[in-house]
Structure formats: structure tokens, C-alpha cells
Amino acid sequence: MLYSKSYIFTQKETPKDAEIVSHQLMLRSGLIRKSAAGLYSWMPLGKRVLDKVINIIKTEMDKAGALEILPPFVTQGELWQESGRWDTMGKELLRFQDRHDHDLVLGPTHEEAFTQIIKETAQSYQDLPVNLYQINTKFRDEIRPRYGVIRCREFIMKDAYSYDIDDEGLDKSYKAMRKAYLNIFKKSGLVVDPVLADSGKIGGSGSEEFMVPSTVGEEEIVRCTCGYVANVEKADSIISIREAKKETALTKTQTPNIKTIDDLAVFFQCDTKDLVKAFVVEADGKLVMACIRGDLHINEVKLLNLIGANEMVMADPDRIFTELKAPIGFLGAIDCAIDVIADNSILDMQDTVVGANEKDMHYKGVSIKRDCKITKTGDFHLAEAGHQCIQCKEVLSSYKGIEVGHIFKLGKKYTESMGVTVLNQNNQAITPTCGCYGIGVGRIIAAVIEQNADDNGIVFPITIAPYHVAIVPTLVEGELMQEAQNIYELLQEQSIETILDDRNERAGSKFKDADLLGFPIRITVGRSWQEKQEFEVKVRRTGEVLSVAKDKILDTINDLLKQEYGIIK
Ligand code: ATP
Ligand code: MG
């Protein structure tokens, strides 16, 4: 391909609203262009990268026995009503009506649509197991689209759905996908960790996320040297045990303007571990108080599951005041007008302090079991670095990660709610069990760039680079251009993906663009040719520079390509 015909627009300046390296570089290199909030166009070079990742995904999915289909991106509202998610998905699910007033949805995920296909096609155990997948557009009306294609509203996802007649089958399907995913990420040049994950609103039992360790990751992961790795949303941990205190008398005491847990610890001259924090949440419209030990944080997913609600937000302070007659900072579980959910960390506490549900007042000398009316107890503390591992009791550490893929053992949630049955070997109707498996294609590319970039730009792994070799003649006329053309034809004949920078630009700015765009190998036809009839070959990843004679150029390029592929496999 000729650079001048490639419709590439690079820019030197870092775009103002791009906060992270991958977003900045994807815009600067012109791989993508922003159309509107969370909406991006993949430009010619970017589309080549996208297609390469898609091909890797297809190859691995097909190898694992999955079958590609192409269902519509838009799904019927009825399906979502049937599964129950019409009422629980919130505003991420973009709904609209057609001219006949039928409810429609821009598909954010396709459990319902695929399950409907299975319902209408699979009749008996002989038709199962089956794993169907699509590589298709998704739309999620994300509340805060950011980081470019990492969290956008319209994006390409590969999503697969497996249907088996029993749990043993589901285990097999899940394992095959897990293996395919590890291969996909490896071939794309990504280093990922599979981590234990929460199944979230989608439901089901086991689930793992594939995390790319990165300081800009939105997910927090805890890990232990014993091999335990989990998203904090899912992670369990052992917290430090605090020294037991003796039972004392309950008294009410004035705490003027002492609202935060740190202020209280100073005021009562104790550790935050000796205090109780109270939060009020609004769960499916109802206020609920959650109480936890002062030094711990709440795991919202676990709390939501414990309450058994679909939606949960922090409650509005005005509403809290109306229902509890006290402002935030003075709330507590004694004589509380709403349900109280207590974390296990506080159950044995004595001689502690809790808000008195009255402005500027707290109770001290509180024994939780003696004095508080608790509706429900459970474990909803957030696992954090410094806690102990539940597997081996070693101290946990933590890191941030970008989630690039997620696999779930969904079970019968959708097949049951949508009434799917097939006949088993004994001619009895059974409900198939399902797994679902998603990968964000654009997010993979952004994550690769986060992991593979330097001050000069992108360093594409060979497997997904838009072109393998860039040829840069320092002059685009005369002998230099002729030699550049010769190498270009030679490499083209060998099906090596090559771009010839035929622009009449300064050599320096062409080198800068080649570096920014991350082509793995660059051949310069310039001074070395004029002085000693050699070409300069540079490896983007290592910065290694070779001086190569004309008759050795093809072998050298082939060797370097082999070397670059070798890193991936
Ligand atoms: P997140 O927690 O980041 O919102 P999710 O748990 O909602 O992700 P899934 O429903 O599991 O994501 O979707 C599967 C994959 O689709 C994710 O692992 C991710 O790679 C990709 N993905 C999800 N949401 C987006 C988005 N808004 N923009 C780009 N890719 C996304
Ligand atoms: Mg999401």
C-alpha cells in the first residue's frame, strides 16, 4: 500500500480530552476518530487492526468448536420482558419504538436473543451441545463513556452462548472457551490474568474475567502468592481481629459536628477498628442501613446480593433526614426506623460507638448484639491489600486491571425464564444449561496499546500491526525512490504486508509517523544507500538497527518477522 493513498491523518499534539496513553495514541495515529460521546469511527488503518483481532478471535472460536452466526443487532422488547431484564437493566439499555409502537432495544448483550434461537431450533439432546457466537455491534448507554474505545457506547463485541443438557457439559463448554480466550489474548500480544469475578446482574454461578494489569484499569484486583486472584467485587478476605472489649453501660453522648469516622476516632481516642460506620442505601426504592467496622469498606456487589435487590444507590440525604430524623454522620442501628444489615465484622463488638439518629449525638458503650436491632447479617466487606488470603492466610496485594473478556456459567436463568426445553435420552423434557462468553474487540486493541507503547508511539505486536513493514525513502524521486519501489515489490510478491511512504515530506517527519503508527519493521532508503549501497532496517520494539545489503534484504526481513512472531507464540 502507498502511504499517500492510505488516508492516514496523524497529529502531533495530544488531544485535550484524551486522558490515557492508548486513547491519545489511537487519536494521534488516526486509527479512530470520535464522532460523538462514546461513538467512534475506525479509520482505514484502525479497521485493518480491528479485522486482525477479529480474525484471531474467529480462528480460536472455530477451533474450539463454536459456530458463528449473525443475528440482528436490534432485539425485541418482548424478549427482555420475558427474561425479566426489561425492568432491571436501567438506562444502559437503550429502548425505542418502531412505527407500529413495538418496543425495540439496541442490543447491549444477547442472552435473550440467542436463547430465543435455541428455543425455536433445538429439539432434543441430539442437537446439543451447541455454542453459537457473533462478532457484532453492541450499544450500551454508558453513564460515563471515557478512555476512547475502552468504555464507549457503541462497540464491537464477540459474544458466545453455549447450551448443554447438564452441568458436566457446561463445565466442558466453559473450559473450552477459557482456553480459547487465553489463546486469543496471547495471539493479540496481550498479557492477561484470569481472575475470579462476580456474575453481576446477568446472573449465574461461576465466572472469570480476563484482566490486563494496567495503572489506568478501572477494576481492582487482589492477589496472593498462593495463586488466589479475584476482582475485589468477588474477592473474599480475612480481616484483622480486633481485641475484644468488655461489656459496659450504654450512654448517649454529645458529639458536636463529629461526623466522619476519623473525627470520631480522634474524639473517642480510639482506632477506627473500634467504631461502627453506618451507610444508608436506597435498594429498589427502599431505604436500608448497612453497618460495618470503621476501618473497612463496603463491597457494593455483595451488599446488593445480600439485600436481594436489583438496583442500589446511596440514598439521598434529604430522604434520609425525612425518614430517620437525623443527618448523615449521626446515623446508627439503635432504634432505627429502617431495616439494618450488619456486616459480620461488627457482630461481636462491645463498648463501641454508633450514631444516635439525632443531630450531634452518638451512643457509646454499645454492645451490638445487646443494643441493636439487626434485620440481616452477612459478609460484605471489601477485600483489600493488607487483608489475609482466604486460601492460605498470607497477606494480599492489589493491582488495577482493564477487563478485556468475561466468561460466565450462566446456568438455567434464561432458558428457564424463557421456557426452553429439549427432550433427553429418555424422551423427557429438560431445561438446557447455558454459558456466555464476551470479548470487547476494540478494548483489546486499546489494552494492547496501553501495554505496548513508548514515548514515540505505538509498538504493535506483529500479529495485529496494520502493516508489518514500512519502507521510508528519504527522497521520493530518483534512485532512492526506485530502490524503495524495488523492495516494495519484492516484499509484496512474498505477501509481506508493506506500506511505502511515498509522501514528499521531510524524512524526519516520516520516521516520526512510522514510529507513532507502530509498524514493527522500518526500512530506510537514504544515506546508507548513497554511501555504501545498504539499507537501514530498524525494529520498532527493540530499537535495534541493522545495515543490510540489497541481496540480503528479503532474508533479513523474513528473519525479523520470524523473530517478532516468535515473541507471540
Ligand atoms: P465493564 O465492567 O467494564 O462495564 P462488563 O462487565 O459490563 O464490563 P461484559 O458485559 O462482560 O462487560 O462484556 C464483555 C466484554 O465487552 C467486556 O469484557 C469488555 O471487553 C467489553 N465491553 C463491555 N462494555 C464495554 C464498553 N462500554 N466499551 C467497550 N467495550 C466494552
Ligand atoms: Mg458494563
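Report, ordered by chain and residue number, the aspartates and glutamates lying within cross-link reach of LYS234, taken as a straight Cα distance under 17 Å and ignoring same-chain residues fewer than 8 apart.
Excluding near neighbours in sequence, the set is ASP193, ASP198, GLU208, GLU209, GLU218, GLU219, GLU220, GLU300, ASP343, ASP379, GLU384, GLU403.
Any idea how far the Cα center of the stretch 175-194 sits from the one of the stretch 485-553, in Å?
Using only Cα atoms to place each centre, the spacing works out to 33 Å.
Just to be sure I understand the model, the point goes 7 Å from the Cα along the line to the Cβ. What's the resulting GLN533 to TYR565 distance in nm?
3.2 nm
Once you put a point 7 Å from the Cα of ALA37 and another 7 Å from the Cα of LYS186, both along the Cβ direction, what distance in nm separates them?
4.2 nm
Relative to the longest principal axis of the chain, what angle (0 to 90°, nearest 10) does the C-alpha long axis of helix 167-187 take?
50 degrees
Sort 411-423, 312-324 by packing, meaning the average of other beta carbons within 10 Å per residue, with the highest value first.
Final packing ranking: 411-423, 312-324.
Here is the link list: LYS273/LYS393; LYS245/LYS273; LYS47/LYS400; LYS325/LYS376; LYS63/LYS179; LYS325/LYS364. Which ones come out longer than 18 Å on Cα distance?
LYS273/LYS393; LYS47/LYS400; LYS325/LYS376; LYS325/LYS364
Using the Karplus equation 6.51 cos²θ - 1.76 cosθ + 1.60 (θ = phi - 60°), what ³J(HN,Hα) coupling, rounded to whole Hz, does each residue of the stretch 239-245 give in order, writing x for Gly and Pro?
So the J values, rounded to whole Hz, are 9, 4, 8, 8, 4, 5, 9.
If you average 1/r over every pair of different alpha-carbon atoms in the chain and take one over that average, what Kirkwood value in Å do you get?
When all Cα pairs of the chain are included, the Kirkwood radius is 27.4 Å.
Between helix 44-63 and the chain, what is the angle of the helix's C-alpha long axis to the longest principal axis, kept within 0 to 90° and rounded to the nearest 10?
Tilt of helix 44-63: around 70 degrees.
From largest accessible area down, sort CYS270, CYS436; use a 1.4 Å probe on the protein chains.
CYS270, CYS436
Keeping the other protein chains in place, figure out the carbon and sulfur percent of the accessible area of the stretch 165-232, with a 1.4 Å probe.
Carbon and sulfur atoms account for 53 percent of the accessible area of the stretch 165-232.
For labels at ASP51 and THR431 in the simple 7 Å Cα→Cβ model, what's the distance in nm?
Inter-label distance under the simple model: 4.4 nm.
List every residue whose amide H lies under 5 Å from the amide H of ASN357, counting only residues 5 or more places away in sequence or on a different chain, with H placed 1.01 Å from N in the peptide plane.
The list, which skips near neighbours in sequence, is LEU331, GLY332.
Quick check for the stretch 462-569: number of Lys pairs with alpha-carbon distance under 28 Å, counting only pairs 8 or more apart or on different chains?
Lysine pair count for the stretch 462-569: 20.
Solvent-accessible area of GLU120, probe 1.4 Å, all protein chains present, reported in Å² to the nearest ten, please.
Surface accessible to solvent at GLU120 totals approximately 130 Å².
Only helical DSSP H runs with n ≥ 4 go in: add -39500 (n - 2.57) per run for the chain, normalise by residue count and round the 222 nm mean residue ellipticity to 500 deg cm²/dmol.
-8500 deg cm²/dmol
Give the accessible surface of the chain per residue, rounded to a whole number of Å², with probe radius 1.4 Å and ligands, DNA and RNA excluded.
Heavy-atom accessible area per residue stands at 46 Å².
Quick one: 3J(HN,Hα) in Hz for the stretch 392-404, Karplus 6.51/-1.76/1.60 with θ = phi - 60°, rounded, Gly and Pro as x.
10, 6, 5, 7, 7, 10, 9, 8, 9, x, 9, 7, 9
Expressed as a whole percentage, what fraction of the accessible surface of the stretch 459-568 belongs to carbon and sulfur atoms when a 1.4 Å probe is rolled over the protein heavy atoms?
Answer for the stretch 459-568 is 45 percent, counting heavy atoms of protein chains only.
So how much slack lies between ASN558 and ASP316, counting 0.36 nm per residue of separation and subtracting their Cα-Cα distance, in nm?
80.7 nm
In the stretch 262-277, which residues have a backbone nitrogen under 18 Å from the label point lying 7 Å from LEU347's Cα in the Cα-to-Cβ direction?
Only 276-277 pass the distance filter.
Where does each of LEU296, LEU306 land when they are ordered by accessible area, with a 1.4 Å probe and the largest first?
LEU306, LEU296
Give me, ordered by chain and number, the residues 5 or more places off ASP379 or on other chains with an amide H under 5 Å from its own placed amide H.
It is ASN344, by chain and number.
Working with all protein chains in place, sort SER35, SER397 by solvent-accessible area computed with a 1.4 Å probe, largest first.
Largest to smallest exposure gives the sequence SER35, SER397.
Of the accessible area of the stretch 251-378, with the probe set at 1.4 angstrom, what percent is carbon plus sulfur?
Solvent-exposed carbon and sulfur of the stretch 251-378 make up 49 percent of the total.
Can you spot the aspartates and glutamates whose alpha carbon is less than 18 Å from LYS259's alpha carbon? Ignore those fewer than 8 places along the same chain.
ASP271, ASP274, ASP295, ASP316, ASP318, GLU358, ASP360
The values are calculated or read from the model by the stated rules, or taken from the named source; none is laboratory data. Please read all numbers here as calculations on a predicted model, not as lab measurements. Neighbour counts run over all protein chains shown; Cβ positions are idealised from the backbone, glycine included. The area values use the complete protein model at the heavy-atom level, side chains included, leaving out ligands, DNA and RNA. Shrake-Rupley method; radii C 1.70, N 1.55, O 1.52, S 1.80 Å.
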